[in-house]
Each structure stands twice: as C-alpha cells, then as structure tokens.
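First comes the structure, then the notes that go with it.
The values are calculated or read from the model by the stated rules, or taken from the named source; none is laboratory data. Worth saying up front: this structure is predicted, and the values here are computed from it rather than measured. Cβ placement follows ideal geometry from the backbone for every residue including glycine, while neighbour counts extend to all protein chains displayed.
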Amino acid sequence: MRLSELFAKTQRTPPKDEESKNAKLLEQAGFIQKLSAGVYTFLPLGLKVLNKIENIVREEMNKAGGIEILMPALHPKENWEVTGRWQAFDALFKTKSNFGGEYALGPTHEEVLYSLLKKHISSYRDLPVYIYQIQTKFRDEKRPKAGLLRAREFRMKDLYSFHANDKDRDRYYEVMKKSYVEIFKNLGLSAIPTIASGGTFSELSMEFQVASDAGEDTIFLCGECNEAINKEVAKDGNPKCQNCGGAAKEIKAIEAGNIFPLKEKYANDFNLNFKDEAGKEKLVSAGCYGLGTSRVMGIIAEVMSDKKGLIWPKNVAPFTLHLIAVGESPKVKKAGEKLYAELIADGCEVLYDDRAERTAGEKFADADLIGIPLRAVVSEKTLDTDSVELKERNSEAIRLETIKTFLEKYD
C-alpha cells in the first residue's frame, strides 16, 4: 500500500478529547477515528490489525473443534425476557421498531444461541457441540473513556460449548485454557492466567490478564509458582499465594479474555434438554469462552508503545515492512518504486512512504508513530552501495544490507 494513496492521515498531536493512551496513539497514528463516546471507525490500518487479531483467534478456535457461525446483533425482547435480563442487564441498548416489537442490540448471545440450539439438540448423540462467533456487540457503558478498552460498540469472540455432563464440560474447559495461552502467545502479549470469581454461573473462572497501569483489575502474582488470582477472590485480600504459600506481588492489569462454566443456567431458562442413553431427559451443561478482539487491539497499544508511537508485534502489525524513499532525485524515486514492486511481487506486506512533499524527518516520525516492525530506507547514500538502511521499531540500532540480500529474504 502506498502512503500517498492512504486517505487516513496521521496527526501531528494526540486528540485532545481522549484520556486513554491507546485511543490517543491509535487515533494519532491513523488506525481509528472516534465517531462518538465509545464508538470508533476502524480505518484501513486499524482494520488490518483487527483482522489479523481475529484470524489468530479464529485459527485456535478451529483447532479446538469450534464451528463458526454468525448470529444476529438485533435480538427480540422476548428472548431476553426468558432469562429475566431485559430488565436486569443494566448496559442493554434497547430499541423499538416503527412497525411493532422491541429489540436489544446484543451485548452477549446466550439468549439467541440457546433458542437456536433447541431445534438442533435432542439426544446425547448430538453432543458435545462447540460453537463460536466473532461479532460486533453493544453495551451502554456509562463512562466509555478508555478507548478500545471500554467501548459501547466493540468486537468480541465468544465460544460456547455444550455437553452431556459436567465432566465433559470441565475437560473442554482445560482445552480452552491451553487455546487461550496459545492465542496470546501468537498475539505477542504476555497474558497471565488468573483465577477469578465466576459470579452468577460458577464458583470460579479464569481471566487472562495483561499487566498495565491502565488496568481496572488488581491481581496477586506469586513470585514462586507464578500462580495469579484476582484480588476480588483472594481470601481476605491476602496477597500470600494460596497455591504454594509464597509471597505475591500486587499488579494492575487489563482483562483480555475469560473462560467460565455456564453450567445449566440458560439451559434451564430455555428448557434445552436432551435424552441420555437411558432415554432420560437432562439439561445440557455448557461453558463460555470470551475474548474481546478490539479490546486486545487497545491492550497492545497500551502496553507495546513508547514516547514515539506504537510498536506492533509482527503477527498483528498492519504491514511487515515500512519502506521509505528519502530524497527528491529521480534515482531515489526509481529505486524506491523498483524495490516496492519487487517486494510486493515476493508477497511481502509493505507500506511504502512515497510522499514527495514530506521531509525525511516527517517520514521517520510517521514510521515510529505507526509502529510497523521493520523500517527500510532508500536514499542517495544507501544507493551508493546498492543497499537499504534497516531499523527494527523496537531498537535504535541501524544497519545496512545489500538490496540483493534484503530481497532474498522475501523470495
């Protein structure tokens, strides 16, 4: 992609109406743009990042046997009345049709999925089932001030597993724990598996927390065995490790995902039953596994950045390489265009800064702000030795490499 053709431009200064680091950086670098409080447009660079995050998540869900579907975002009131959450869910967006009927904009999808499965599950032979979606969701947050970390409209992956008994549900819970560890590893995030309260549905659940001063959660992380627990479920708020007895450190963190047993709660509401091998009617047991994909994008911006801008992990960066042509001579322009064309032909994801009106300093500043992992510069100086100047975004070291050697890496 040519930067000269990218309509979404970087800004010289951070937006003044944002409080959070992630929103300031992502808006200034041209990844997102605020429409209203808690509602953002994903611009071309931002959408590339979001798609890569969601593809990493999708790949792991497929490996774990998940079957992807797409459920409606517009939910009939009647479904939410079945669970009692039409009135009880504080952050529920509600709307009325001009032609009759009331609806909710879905913040979660139990009310839709359970009514769907009533038509497809009737026997133990139909179980287990692992269903997931990646969907836009809506919550009427009172103070959406944390950018992508707490938005009113956001992207979410949720997988639901349905089982004939709790033993099989708990087995799959362990499968999902391993899947989530792999997801965050592939995203380049150091997510800490953290024991937490299951709230309404279960005694315990597991959160995946990323250490950050911007976090709303506090966790205790053991320095001996590395087990973590949310402060809210620690005994008497005691930081001493409940696993090995070691000293635990108090850390601020952002929740990136969570997994927990739903048990039979919604199955009971919707009468989602099946006949076991003896022909006896039983309620389906379930588990829920959520991960905010747009939230993850915000988390990466919070924890993987410096005073110059964003520092994207390679797997989710909008491009692999940021190519810059410095200088106005025909020789430099020709070399930049040739190198860009060859890289594209070799399948490299390249953002090419071909803007003739921008100075070298402006181009370098934008490269740091946008945060692509590797910067390659073509200039009069480098062309004297048929080389390109290379710099990793997370390093100050600069090196020269011959164009031939550089291109061979992408063949």
Determine whether the range 254-273 contains at least one residue that is in contact (Cβ under 8 Å) with a residue 60 or more places away in the chain, closer than 29 Å to LEU189 by Cα and in contact with a Leu (Cβ under 6 Å, 6 or more places away or on another chain). yes
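For (1) of a type in the set (D, E, K, R); (2) surrounded by 13 or more Cβ atoms within 10 Å (Cβ to Cβ); (3) outside the structural domain of ARG155 (by TED's automatic domain parsing), each residue gets a yes or a no:
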position	(1), (2), (3)
GLU54	yes, yes, no
LEU70	no, no, no
ASP90	yes, no, no
SER97	no, no, no
Taking the condition of being closer than 22 Å to VAL303 by Cα and either among the hydrophobic types (A, V, I, L, M, F, W, C) or assigned to a helix (DSSP H, G or I) (or both), how many residues in the range 378-396 meet it? 0
The range 248-257, residues that are touching a helix residue (DSSP H, G or I) at 6+ places or on another chain (Cβ under 9 Å) and under 20 Å from TYR180 (Cα atoms): ILE254, GLU255, ALA256, GLY257
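Checking the conditions here, which among PHE154, PHE162 is in contact with a helix residue (DSSP H, G or I) (Cβ under 6 Å, 6 or more places away or on another chain), under 20 Å from ILE259 (Cβ atoms) and part of a strand (DSSP E or B)?
Details: PHE162 fails: in contact with a helix residue (DSSP H, G or I) (Cβ under 6 Å, 6 or more places away or on another chain).
One residue alone meets the criteria, PHE154.
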Just the residues that are β-branched (Val, Ile, Thr), more than 18 Å from VAL378 (Cα to Cα) and in contact with a helix residue (DSSP H, G or I) (Cβ under 7 Å, 6 or more places away or on another chain), please, taken from the range 304-337. VAL316
I need the strands (runs of 3 or more DSSP E) fully contained in the range 51-126, keeping only those with at least 1 residues that are touching a helix residue (DSSP H, G or I) at 6+ places or on another chain (Cβ under 7 Å). 74-76, 102-105
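May I ask you to say which residue of ARG355, ARG375 is in a strand (DSSP E or B), of a type outside the set (A, V, I, L, M) and in contact (Cβ under 8 Å) with a residue 40 or more places away in the chain? Working first, answer last.
Working: ARG355 fails: in a strand (DSSP E or B).
Only one candidate passes the filter, namely ARG375.
Could you run through the range 291-324 and say how many residues are small (Gly, Ala, Ser) and not in a helix (DSSP H, G or I)? I'd like the intermediate steps shown before the answer.
If we filter the range 291-324 for residues that are small (Gly, Ala, Ser), which is where we start, we get 292, 294, 298, 301, 305, 309, 317.
Remaining after also requiring not in a helix (DSSP H, G or I): 292, 305, 309, 317.
Residues that pass the stated criteria total 4.
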What single numbered condition from (1) surrounded by 19 or more Cβ atoms within 10 Å (Cβ to Cβ); (2) not in a helix (DSSP H, G or I) fails to hold for LYS240? (1)
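Here's the yes/no breakdown for (1) crowded, with 19+ Cβ neighbours inside 10 Å; (2) more than 21 Å from MET61 (Cβ to Cβ):
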| site | (1), (2) |
| --- | --- |
| ARG139 | yes, yes |
| LYS142 | no, yes |
| GLY147 | yes, yes |
| TYR160 | yes, no |
| HIS163 | yes, no |
| ARG169 | yes, no |
| GLU174 | no, no |
| PHE184 | yes, no |
| GLY188 | no, no |
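Yes or no: MET297 touching a Leu at 6+ places or on another chain (Cβ under 6 Å) and touching a residue at least 12 places away in the same chain (Cβ under 8 Å)?
So MET297 fits the description; yes.
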Tally time: how many residues in the range 330-362 are more than 23 Å from ALA317 (Cα to Cα) and either outside the structural domain of THR402 (by TED's automatic domain parsing) or of a type in the set (Asp, Glu) (or both)? 1
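With respect to LEU35, is the statement that it is surrounded by fewer than 22 Cβ atoms within 10 Å (Cβ to Cβ) and under 23 Å from the mean Cα position of the chain (by Cα) true? Steps first, please.
Working: surrounded by fewer than 22 Cβ atoms within 10 Å (Cβ to Cβ): yes; under 23 Å from the mean Cα position of the chain (by Cα): yes.
Judged against the criteria, LEU35 is a match.
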